[in-house]
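A short write-up of the structure that comes next.
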Amino acid sequence: MTASILTVDDSPSLRMAIRIALTGAGYAVTEAGDGVEGLAAANAAKFDLIITDLNMPNMDGLTMIRELRKDPAQCGTPIIFLTTESDDAMKQQAKAAGATGWLVKPFVPEQLIKVSRKVLGR
Amino acid sequence: MIGQDPIAAFRVEAGELLEQIEQGLLDLGHRLDDRDLVDAVFRGLHTLKGSGAMFGFDALANFTHHCETAFDRVRKGLAPATQELVAVILSAQDHMRALVDGDGKGLEATGDAILARLQAAIDGAAGTPVAAVAEAPAQGWRLFFRLPPEAMANGSNPLMLLDELRELGECKIVARTDAIPPLTDLVPVECHIGWDVELRGDISRDDIDDVFIFVMDDMELKIEALAPEPAVETVSLPVAANDAPPPAEANPASGRPAAKAGESVRVPAERLDELMDRVGELVIVQSRLSQLAHGSAVGSEMALRSISEEIERLASELRDTMMVLRMVPVATLFGRFRRLVHDLARDTGKTIDLVTEGEATEVDKTVMERLADPMVHLIRNSCDHGLETPEERIAAGKPASGQVRLSAHQQGGEVVITIRDDGRGIDRERVRAKAEAQGLIQPGQVLADQELLQMIFHPGFSTAAAVTNLSGRGVGMDVVKRTIESLRGAIDIKSAPGEGSTVTLRIPLTLAIIDGLLVRVGEGRYVIPLAAVEECIELSLEDDLRSRGRSFITLRERLVPFLRLREMFETGTRPDPHQKIVVIATGAERVGLVVDQIIGSHQTVIKSMSALHRDVTTFAGATILGDGGVALILDVVQLVTLGQHQEERLRAAG
């Protein structure tokens, strides 16, 4: 069965790039534009992996990760966040919030696919 | 989704990033030790490099990489931020823009030149030794790991980690269950098992670290090599070639391609919500209407009327909301000029402060884009002609640094933008001499001060004694005036000798909808933009007959030429007994338009003419009337010019 991935990012071009990379690797991708949309999407359907940006309008990635982890249904769902090298403090915060792993921006499609394979195991 | 082309989306975003970088650099130029600014610029470069690589802009990614490396040294305190560095990165930023917009062909030399300057700017940083770890081939590793208890709930699966280790090489795994709590204390989602692993093969330490990368910080992990420890050696990584040719100094302000990212607008979400609300209401009213259409006729007239009123309200609200969606704050426009002023100050050797006011004022996106070029001209004029050199200023008793002040505010349906400098003001004598030399006025002709100033808007007029790099090529003010008028705006200039000049631009808030005066000529209906209408007077039959041949009326002791639209449009109808003259004006010039009937004011949604009709100059567009008919919108600027020609012909005839 195809793994389904939810990507949450406020940058349309980045979402597009992620979608192209992941669908190319055979994953099914759903997109959301910010934390609020991401949370709604995660509640509406079960995803095998959630990839989220941290800096977003309305609800940032951190808050969304905390909200997701409060929900028993999301226990164990891998959550990858996108961060920049310089944001080490942010990385720690996101991990404390319950994120599984991260991907340092900028990244090439291969890295994204590699990380997805790593946490999905397929 | 805005569009399906990631490259186009990247270009838009890259444009924004470059803008951010530029702003950061300009601020940094003033506050060299501001860490936040250094970080901000670094982040911008970093993101640009990364996204560039992601979207296949390899030349951009490579080039940006060098700038990022240089900036990283500043960020880490290894090199100081200097004016030279800021200047080099600014020109590098222009180069990046070129790389974003094009395919990077033929730009390598420019890039190399900039990199050489960059190299010089971070002085002697070439060949900085960077310690690198060279790995000796390992026999294998012995490791023990235990995940933090919450790891599984947070999405890490220990079984997958073990699978990854197995993929690295020959693997012997033994589970340690000693830390598992008794059943009563056991939390099902917590993992307390640890694993001893013996890995054999040519595996680097990095490969193992990669497996545990996400859990590394909190987990228990012991790794022992089954082979000797890797040795440390030193290699040098030159940042860029040092023997590159001397930099070709491009003029950054003029060499910069115009922004092409005009096709998308960023809209705050709450404005979209507002629009959605209106659309929702419209749907409700629509369902009421269809219910009425299918239902019984009892009392339907009242209901229909209330629905009609409802729709009218919604339509006007939708229109207002929609217009607001197209609005962007002028801050983005003003922001671009900081770089311009910075470059101008450098090139002219003047000290120039740019002050901006009312940046939150919003203007239609299209209007704003078309305003950029004329404003560049005006600001150049202020900096180049208006402001004096520091010595001259001090001699005149003014502060050494000149000031250019940009301000914007909304006034009714218009946005007023002023560009003010505190320079020497416009030299009337020189304007007069030039106008006489060009034959625009007779020698000794008496002109009002304002009329004299208007001379600078004539084509081919430039008072710059010396043609500098920046301005004074004789194109400029007339183009500025034409552009502003094509936006249905007006330009006005004031100048006090020794105190400076002020140019005021008045621009309508939007181009999409105007207030118009609906008139009838023969059988056709036409719209005249209301903002241009000065007054309406009656043309009596006698006056009409008397003025045959010379179409002028005397309006408050001034001759105003008029055009008979009925004849111009060759309607072939008889004139109405009570014809009207609508007097329209642009700037100081007026012309009357003879129409058969004035119908009234009309909210006009402008539709542009098709490509086929692009050559038709008398009309600016078309609109659809309430009854479904089409009315053409008259082009005021064109008609006034036409009328003025008529006046000149008459004057020439004596």
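The values are calculated or read from the model by the stated rules, or taken from the named source; none is laboratory data. Note that the structure is predicted; figures quoted are calculated from it, not measured. Every residue, glycine as well, gets a Cβ built from its backbone with ideal geometry; the counts of neighbours run over all protein chains shown. What goes into the accessible areas is simple: the full protein's heavy atoms, side chains included, and nothing from ligands, DNA or RNA. Shrake-Rupley method; radii C 1.70, N 1.55, O 1.52, S 1.80 Å.
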(request) Residues being within 16 Å of B:Asp576 (Cα to Cα) and among the small types (Gly, Ala, Ser): count how many of those fall in segment B:512-530. (result) 2
(message) Please go through segment B:451-489 and give me each residue that is at pLDDT 80 or above and among the polar types (S, T, N, Q), ordered by number.
(response) B:Gln454, B:Thr483
(request) Please work out which one of (1) within 14 Å of another protein chain (Cβ to nearest Cβ); (2) modelled with pLDDT under 80; (3) more than 26 Å from B:Leu340 (Cα to Cα) is the condition B:Lys49 fails and give its number. (result) (3)
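Condition check ((1) open to solvent by 10 Å² or more (accessible area, probe 1.4 Å); (2) without any contact (Cβ under 8 Å) to a residue 40 or more places away in the chain) across all residues:
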site	(1), (2)
B:Ala9	yes, yes
B:Asp36	yes, yes
B:Lys49	yes, yes
B:Asn62	yes, yes
B:Thr82	yes, no
B:Val86	no, no
B:Asp101	yes, no
(request) Inspect segment B:249-259 for any residue being within 30 Å of B:Val330 (Cβ to Cβ), modelled with pLDDT of 80 or more, open to solvent by less than 70 Å² (accessible area, probe 1.4 Å) and basic (Lys, Arg) and give the result as yes or no. (result) no
(request) Would you point out the residue of segment B:205-217, among those that are of a type outside the set (Val, Ile, Thr) and surrounded by fewer than 16 Cβ atoms within 10 Å (Cβ to Cβ), that is nearest to A:Val115 (Cα to Cα)? (result) B:Asp210
(request) Filter segment B:150-176 down to the residues that are within 21 Å of A:Ala73 (Cα to Cα) and more than 7 Å from chain A (Cβ to nearest Cβ), then identify the one that is most open to solvent (accessible area, probe 1.4 Å). (result) B:Leu159
(request) Considering (1) open to solvent by 20 Å² or more (accessible area, probe 1.4 Å); (2) farther than 26 Å from B:Val279 by Cβ; (3) touching a Ser or Thr at 6+ places or on another chain (Cβ under 6 Å), say which one B:Thr332 fails and leave the rest. (result) (3)
(message) Residues to consider are B:Ala98, B:Ala8, B:Ala87; find the one that is within 12 Å of chain A (Cβ to nearest Cβ) and either over 28 Å from B:Phe334 (Cα atoms) or out of contact with any Cys (no Cβ under 7 Å at 6 or more places or on another chain) (or both).
(response) B:Ala8
(message) For segment B:395-407, give me each residue that is in contact (Cβ under 8 Å) with a residue 60 or more places away in the chain and either open to solvent by 10 Å² or more (accessible area, probe 1.4 Å) or farther than 17 Å from B:Ile491 by Cα (or both).
(response) B:Ala396, B:Val404
(request) Only residues that are among the aliphatic types (A, V, I, L, M) and either without any contact (Cβ under 8 Å) to a residue 40 or more places away in the chain or on the phi > 0 side of the Ramachandran plot (or both): list them for segment A:15-30, please. (result) A:Met16, A:Ala28, A:Val29
(request) Would you mind stating whether A:Ala89 is more than 19 Å from B:Ala151 (Cα to Cα) and surrounded by fewer than 21 Cβ atoms within 10 Å (Cβ to Cβ)? (result) yes
(request) Taking the residues in segment B:15-44 that are under 22 Å from A:Pro12 (Cβ atoms) and more than 9 Å from chain A (Cβ to nearest Cβ) as candidates, determine which candidate is farthest from the chain's Cα centre (by Cα). (result) B:Gly44
(request) Being away from every other protein chain (no Cβ under 13 Å) and modelled with pLDDT under 85 is the filter; apply it to segment A:1-24 and report the residue that is surrounded by the fewest Cβ atoms within 10 Å (Cβ to Cβ). (result) A:Met1
(request) Tell me which of these B:Gly425 doesn't satisfy, since it passes every other one: (1) under 35 Å from the mean Cα position of the chain (by Cα); (2) not acidic (Asp, Glu); (3) not in a loop (DSSP other than H, G, I, E, B). (result) (3)
(request) State which residue is farthest from the other protein chains (Cβ to nearest Cβ) when the search covers only segment A:31-65 and only residues that are surrounded by fewer than 16 Cβ atoms within 10 Å (Cβ to Cβ) and in a helix (DSSP H, G or I). (result) A:Ala44
(message) Just the residues that are at pLDDT below 85 and surrounded by fewer than 21 Cβ atoms within 10 Å (Cβ to Cβ), please, taken from segment B:511-529.
(response) B:Leu511, B:Ala512, B:Ile513, B:Asp515
(request) Go through (1) at pLDDT below 80; (2) assigned to a helix (DSSP H, G or I) and name the single condition B:Leu161 misses. (result) (1)
(request) Please determine, by comparing only the residues of segment A:67-122 that are of a type in the set (A, V, I, L, M) and more than 14 Å from the chain's Cα centre (by Cα), which one is nearest to the other protein chains (Cβ to nearest Cβ). (result) A:Val108
(request) Identify the residue in segment A:66-75 that is among the hydrophobic types (A, V, I, L, M, F, W, C) and in contact (Cβ under 8 Å) with a residue 12 or more places away in the chain and, among all such residues, is least open to solvent (accessible area, probe 1.4 Å). (result) A:Leu68
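So that you can scan it fast, the table gives a plain yes or no per residue for (1) outside the structural domain of B:Leu639 (by the TED database); (2) under 21 Å from B:Arg649 (Cβ atoms); (3) hydrophobic (A, V, I, L, M, F, W, C):
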residue: B:Arg546; (1), (2), (3): no, yes, no
residue: B:Phe552; (1), (2), (3): no, yes, yes
residue: B:Glu557; (1), (2), (3): no, no, no
residue: B:Met568; (1), (2), (3): no, yes, yes
residue: B:Gly572; (1), (2), (3): no, no, no
residue: B:Lys580; (1), (2), (3): no, no, no
(message) assigned to a helix (DSSP H, G or I) and open to solvent by 30 Å² or more (accessible area, probe 1.4 Å): is that true of B:Glu19 in this structure?
(response) yes
(request) Check whether at least one residue in segment B:316-325 is more than 21 Å from B:Arg271 (Cβ to Cβ), open to solvent by less than 40 Å² (accessible area, probe 1.4 Å) and outside any strand (DSSP E or B), and report yes or no. (result) no
